[in-house]
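A.B. asks: I'd like to ask some things about the structure below.
The values are calculated or read from the model by the stated rules, or taken from the named source; none is laboratory data. These numbers come from a predicted model, not from an experiment. Please note: Cβ atoms are built from the backbone with ideal geometry, for glycine as well, and neighbour counts cover all protein chains shown. SASA here: full protein model, heavy atoms, side chains in, ligands and nucleic acids out. Shrake-Rupley method; radii C 1.70, N 1.55, O 1.52, S 1.80 Å.
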Amino acid sequence: MTDAHTRLAQAPTATAADVASDRLPAHVGIIMDGNGRWAAERGEPRRVGHAAGEQALFDAVEGALELGLDHLTVWAFSTDNWKRPPDEVRWLMWFNRDLLRRRLDELDERRVRVRFVGRRARPVPKRVLDEMDEAESRTAHHRRLTLQIAFNYGGRTELVDVARRIGDDVAAGRLTPEGITERSIAARLYQPDAPEVELVIRTSGEQRLSNFLLWEAAYAELVFTPVLWPDFRREHLFAAVAEFGGRERRFGKV
């Protein structure tokens, strides 16, 4: 049996009804991994896997809406992804821009608020930044689901930016050294009003955070699935959230 067949055999049959409505995580993060391997299994270039991941993303969004989740953060482009071949990086930039154009109407219709986390600066092309601003502005009034897209994002980079803001505030007299606390750090994150991440899902069988939401996911439950991202569907989300609901969370207590 091939790896692909093994993953399909392990696909969950969970439904929204299997998830306890009183045990929903306030914020779910997804590391969307495995596009390249999915394409390689089919003898296709990596960009075919990235394109196939679009359906997985929006089926996961539909699943989040079905469950009534409040916040969902997905990792679309890492600060480390600039190390990839230039042709792939360029393709990813314009694919993500075009994805926003194609899908913004349906996100708006579903009352999904779109927000971005990450550095809003070069080398991200200005036209991509403009599309991000348009998506945020158009959906800012929605509250049914907040979809945060981590783009040009790295957890350590975010903490560096927080440290710089704190340094500026201390130098300007807006903050004292004694005032540097967990609360003051959290207030300077990219999206400080988002709840802490309670569940992180990573696809493709890898079992690490890889610099994803390091501060926000400090106490998150982790669920790893062997399913490659283009094969991910809402049933996988339901299964992960149901597993979260069955775990005991102690936060250092006994």
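Rundown of residues vs (1) aromatic (Phe, Trp, Tyr); (2) modelled with pLDDT of 95 or more; (3) over 17 Å from Gln148 (Cα atoms); (4) in contact with a Lys or Arg (Cβ under 6 Å, 6 or more places away or on another chain), yes/no style:
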| position | (1), (2), (3), (4) |
| --- | --- |
| Glu41 | no, yes, yes, no |
| Glu44 | no, yes, yes, no |
| Arg47 | no, no, yes, no |
| Ala64 | no, yes, no, no |
| Thr73 | no, yes, no, no |
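A.B. asks: Still on this model: Do you know which of the residues in segment 108-119 that are part of a loop (DSSP other than H, G, I, E, B) and in contact with a strand residue (DSSP E or B) (Cβ under 7 Å, 6 or more places away or on another chain) is surrounded by the most Cβ atoms within 10 Å (Cβ to Cβ)?
C.D. replies: Looking at residues that are part of a loop (DSSP other than H, G, I, E, B) and in contact with a strand residue (DSSP E or B) (Cβ under 7 Å, 6 or more places away or on another chain), I get Gly118.
A.B. asks: Additional query: Just for segment 71-102: of the residues that are open to solvent by 20 Å² or more (accessible area, probe 1.4 Å) and part of a strand (DSSP E or B), which one is nearest to Ile30 (Cα to Cα)?
C.D. replies: Only one residue fits best here, namely Trp75.
A.B. asks: Among the numbered criteria (1) open to solvent by 40 Å² or more (accessible area, probe 1.4 Å); (2) assigned to a helix (DSSP H, G or I); (3) more than 22 Å from Leu189 (Cβ to Cβ); (4) touching a residue at least 12 places away in the same chain (Cβ under 8 Å), which one does Asp105 miss?
C.D. replies: Failed condition: (4).
A.B. asks: Hey, another quick one. Could you go through segment 51-62 and let me know if any residue there is at pLDDT 95 or above, over 19 Å from Leu228 (Cβ atoms) and out of contact with any Cys (no Cβ under 8 Å at 6 or more places or on another chain).
C.D. replies: yes
Matching residues to (1) over 14 Å from the mean Cα position of the chain (by Cα); (2) in a helix (DSSP H, G or I):
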position: Leu159; (1), (2): yes, yes
position: Ile166; (1), (2): yes, yes
position: Tyr190; (1), (2): no, no
position: Glu206; (1), (2): yes, no
position: Ser210; (1), (2): no, no
position: His236; (1), (2): yes, yes
position: Glu243; (1), (2): yes, yes
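A.B. asks: Among Glu62, Glu54, Glu66, Glu44, which is free of Cβ contacts under 8 Å to residues at least 12 places away in the same chain and either closer than 21 Å to Leu104 by Cα or of a type in the set (Asp, Glu) (or both)?
C.D. replies: Every option except Glu44 fails the conditions.
A.B. asks: Keeping to segment 141-185, report how many residues are exposed (fewer than 12 other Cβ atoms within 10 Å of the Cβ) and on the phi > 0 side of the Ramachandran plot.
C.D. replies: 1
A.B. asks: Then there's this: Answer yes or no: is there a residue in segment 120-140 that is open to solvent by 80 Å² or more (accessible area, probe 1.4 Å), assigned to a helix (DSSP H, G or I) and without any contact (Cβ under 8 Å) to a residue 12 or more places away in the chain.
C.D. replies: Yes - at least one qualifying residue is present in segment 120-140.
A.B. asks: Here's a follow-up. Taking into account only those residues within segment 220-231 that are assigned to a loop (DSSP other than H, G, I, E, B) and more than 16 Å from the chain's Cα centre (by Cα), which is surrounded by the most Cβ atoms within 10 Å (Cβ to Cβ)?
C.D. replies: Narrowing segment 220-231 to residues assigned to a loop (DSSP other than H, G, I, E, B): 220, 225-228.
After this cut, where a residue has to be more than 16 Å from the chain's Cα centre (by Cα) as well, the list is 226-227.
Details: Pro226: 15, Val227: 24.
Checked segment 220-231; the qualifying residue surrounded by the most Cβ atoms within 10 Å (Cβ to Cβ) is Val227.
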